[in-house]
Amino acid sequence: FFLSSSFVFVYCLVRESSGFLVVTPSKYRSRIVTARKADINERASKLDESFEIATTVAAGAVMDCISRGKTLIRIDFDTSNGDATYTKLKNSLEFTRYVAANLATRMLAQDTNSQLCLFFPDAGAAALAAQQWKLGTPEAMLGANVNLKSFPRDKPSKEDSNFLVICPRASEASAVEILIDDVARTQQKPTVLINPELVDMGTTGYGFAGRRLKQRLLDELTQAYLLKTLPWGALALTYPNLYSVYQEDANAPDGYKLLTTRPTLPNGEELEEIYAEYNKNDDDGDGLFNNLATGFSKFADGFSKL
């Protein structure tokens with residue numbers, strides 16, 4: 001390198017297969033950018049194109065977590081885009097059924113004695129699911145190695161080897177912790193939380209109790225799968241890849257483009273900052289936003305089973 005009173009000029013000597021190459025600062029920066037883009041794409045989570053694919057991928061990600069010794073796992077699936085017409089539980093039932101059926105089949109293939117236990121927030125929710133899924137009839141939508149239970153009445157049996165906890169709320173936080181201490185931590189039985197809402201942000205938020213729960217439980221959960229639609233795109237994760245932020249783009253081959261990846265879950269404010277950063281040169285913000293919302297609705301239609 002050459003040092004002057006005002007500037008530092010750096011030249012890099014890079015080994016190539018055919019010899020050595022002198023790289024100037026501008027070329028070096030270009031190579032860094034290219035490498036970063038390649039790394040982002042390589043570790044990005046794909047955006048699933050249909051409901052069925054999403055459930056299959058989610059089940060596969062759970063099995064991947066289990067194969068790596070994870071026993072505390074979570075799945076988040078929200079394609080409502082803020083629509084409060086249905087509760088999170090109602091929005092999650094069909095997704096849960098598909099994932100449970102897929103998991104039960106995979107687990108049975110590994111262990112013929114495998115039993116998958118689904119825990120619901122209350123007896124009414126469990127009864128509704130059993131009725132909709134026609135359990136106990138020849139047309140049952142889940143296999144015989146799947147059983148349904150509910151908080152706080154039911155307890156896990158020694159035959160249950162894997163657990164799905166469906167949409168646990170803040171009111172079930174204590175019961176969920178007891179279950180996890182018993183089956184996941186003590187007996188090392190895989191336990192998956194689907195769309196958990198164990199902290200009531202509208203009432204208590206992350207106060208002292210919420211922070212303690214986060215430290216005791218939420219921070220221990222491994223995110224196996226996440227899909228959340230946004231007004232302008234989607235946020236996705238499939239273990240062990242990164243959280244990936246997508247934006248709808250009519251010019252992209254799949255109808256959407258990858259903006260960036262993150263090693264940790266970006267919150268709402270961070271997502272808006274990402275959107276603003278990648279659209280800062282757009283002059284017609286309202287027009288673009290409306291176009292994105294309309295275009296991305298086509299993607300959301302692929303999940304109309306919910």
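The values are calculated or read from the model by the stated rules, or taken from the named source; none is laboratory data. Treat the numbers as computed from the prediction; the structure is a model and nothing was measured. Heads up, the Cβs are rebuilt from the backbone with ideal geometry, glycines too, and the neighbour counts pull from every protein chain shown. Calculation scope for accessible area: heavy atoms of the full protein, side chains included, ligands and nucleic acids excluded. Shrake-Rupley method; radii C 1.70, N 1.55, O 1.52, S 1.80 Å.
Couple of notes before you dig in:
- Using θ = phi - 60° in the Karplus curve 6.51 cos²θ - 1.76 cosθ + 1.60, the 3J(HN,Hα) couplings for segment 135-146 round to 5, x, 10, x, 9, 3, 8, 10, x, 5, 8, 10 Hz; x is entered for Gly and Pro.
- Amide H partners (placed H, <5 Å) of Val165, local residues excluded: Phe119, Val192, Leu193, Ile194
- Prolate/oblate/rounded label for segment 111-220 (Cα gyration tensor, a/c 1.5): oblate
- Extension gain, Arg262 to Ala250, is 1.9 nm, computed as 0.36 nm per intervening residue step minus the present C-alpha separation.
- Backbone N under 13 Å from the Thr137 label point (7 Å along Cα→Cβ), restricted to segment 88-131: 129-131
- Around the amide H of Leu135, modelled in the peptide plane, lie the amide H atoms of Met141, all under 5 Å away and 5 or more residues distant in sequence or on another chain.
- For trypsin sites (Lys or Arg not before Pro), the sites in segment 112-166 that DSSP calls loop and that have at most 14 other Cβ atoms within 10 Å are Lys134, Arg153, Lys158.
- Here Tyr278 and Thr105 are evaluated by their C-beta separation; at R0 = 35 Å the FRET efficiency comes out at 0.30.
- In the context of the full set of protein chains, residues of segment 111-178 present 48 Å² of accessible surface per residue (probe radius 1.4 Å, heavy atoms only).
- Taking a ≥ b ≥ c as the square roots of the eigenvalues of the Cα gyration tensor, segment 244-283 is classed as oblate, since a/c reaches at least 1.5 and a/b does not exceed b/c.
- Highest mean packing first, where packing is the average number of other Cβ atoms within 10 Å per residue, the peptides 162-170, 267-275, 60-68 line up as 162-170, 60-68, 267-275.
- Shape of segment 57-187 from the C-alpha gyration tensor: rounded (a/c under 1.5, with a ≥ b ≥ c the square roots of its eigenvalues).
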